[in-house]
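The structure appears below as structure tokens.
Please treat every number below as a calculation from the coordinates, not as lab data. All of these numbers come straight from a predicted model, not from anything done at the bench. Don't worry about glycine lacking a Cβ; one is built from the backbone with ideal geometry, like all the others, and counts go over all protein chains shown.
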């Protein structure tokens, strides 16, 4: 247990972070790697005003939280979007809004924005409490509400501290994790068979069908050409699904590839000599983030290329590369569960600054929770 005095401070940009201490703290959390944060800040298609709330002691960083302040005059309020959904324009016209607020969330993918240094359970909880107390004091002086988005069921210390401090809680989403408990595809199929014979049979059938259709999946180097191909496919895929451009522009992936080096893994699926799909994975320690997937949308046969590049091929390469856990996004969760993923609840913890707003927010968050659960049925 470390009882040394702690110091709270706010880093107003990525460049103010203590680089080596930050990388140690977020090891195993690829979305929060310094290279990711720095490159997002430089190449995002809309401003991402990141701040970092830091708790330091004699051993370095004891805890930290990534924040995107939402000011009163903000034109894009991500917290309103999350809580109000399609009703946001109407509610905003009626004067309902969460701003001003300190919105804590990872700027890309869904990972907890509150990180504490690993240790004994009691020490982790104490660090989380101390950082939250400092954040709340700062928010009270500035007149800001507080929201933490993306705290999963695995973030035990953070979740326990937030609940104990009276934050309102809604489980609004889920994230998927694939724990690598096998050595190759055949042992992966045996792993699936323990819980579902049908899932194991489907895995082998879908892999064989993909191969019979002439698809080859391989790891490729992070050259400019491959990185550009990943960006094109990933952007087109994102726009097709979401009807809007992704957060990052065309300069994002080339710079990230240079910054990450061997920790950016690229995979390509080739069908009859043409690129059919690409996958980009960010590695941090023994954890891989399935960050970008792109599928060729033209002349796309039903040969399970998507399932193969995301699940069945990783069953081979992840163990060989020393990766013990793969992190996926929040879409098509039941499909991921059938292929061996564990689904974890992802929560928003919200604390309005004014007492009256808290009284209103409590029943609203309960309705939000109920609505989100019905959406997942």
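For region 211-271 and region 178-197, what is the centre-to-centre distance using only Cα atoms, to the nearest Å?
27
Taking only Cα atoms, what is the 0 to 90° angle, nearest 10, from helix 197-212's long axis to the longest principal axis of the chain?
60
Where does the chain land at 222 nm, in deg cm²/dmol rounded to the nearest 500, when only DSSP H runs of n ≥ 4 count, each adding -39500 (n - 2.57), divided by all residues?
On the way: 13 runs with 149 residues, N = 377.
-12000 deg cm²/dmol, from helical runs alone.
Any idea what angle helix 121-142 forms with the longest principal axis of the chain, computed on alpha-carbon atoms, 0 to 90 degrees, nearest 10?
Computed tilt is about 60 degrees.
Can you sort 305, 275 by how many other beta carbons sit within 10 Å, fewest first? Could the numbers behind the result be given before it?
Numbers: 305 24, 275 17.
Ascending number of Cβ neighbours within 10 Å: 275, 305.
With the Cα gyration tensor of region 116-160 giving a ≥ b ≥ c as the square roots of its eigenvalues, does the rule (a/c under 1.5 for rounded; else a/b larger than b/c for prolate; else oblate) give rounded, prolate or oblate? Can you show the working numbers first?
Details: a/c = 3.81, a/b = 1.64, b/c = 2.32.
The shape class here is oblate.
Compute the normalised compactness of the chain: alpha-carbon radius of gyration over 2.2 N^0.38 Å, N being the residue count. Kindly include the intermediate steps, with their values, before the conclusion.
Working: Rg = 21.4 Å, N = 377, 2.2 N^0.38 = 21.0 Å.
The value comes to 1.02.
So how compact is region 101-248: Cα radius of gyration and Dmax in angstrom?
Considering region 101-248 through its Cα atoms, Rg and Dmax are 21.7, 64 Å.
Sorted from fewest to most neighbouring beta carbons within 10 Å, what does the list 271, 204 look like?
Values: 271 19, 204 14.
Exposure proxy ranking, most exposed first: 204, 271.
For 129, 186, what's the fewest-to-most ordering of other Cβ within 10 Å of each Cβ? Before the final figure, lay out the partial values.
Details: 129 18, 186 12.
Taking fewest neighbouring Cβ atoms as first place, the list is 186, 129.
Based on the alpha carbons, how large is the Rg to Rh ratio for region 181-323 when Rh follows Kirkwood? Before the final figure, lay out each step's value.
Numbers: Rg = 15.5 Å, Rh = 15.9 Å.
Taking Rg over the Kirkwood Rh, I get 0.98.
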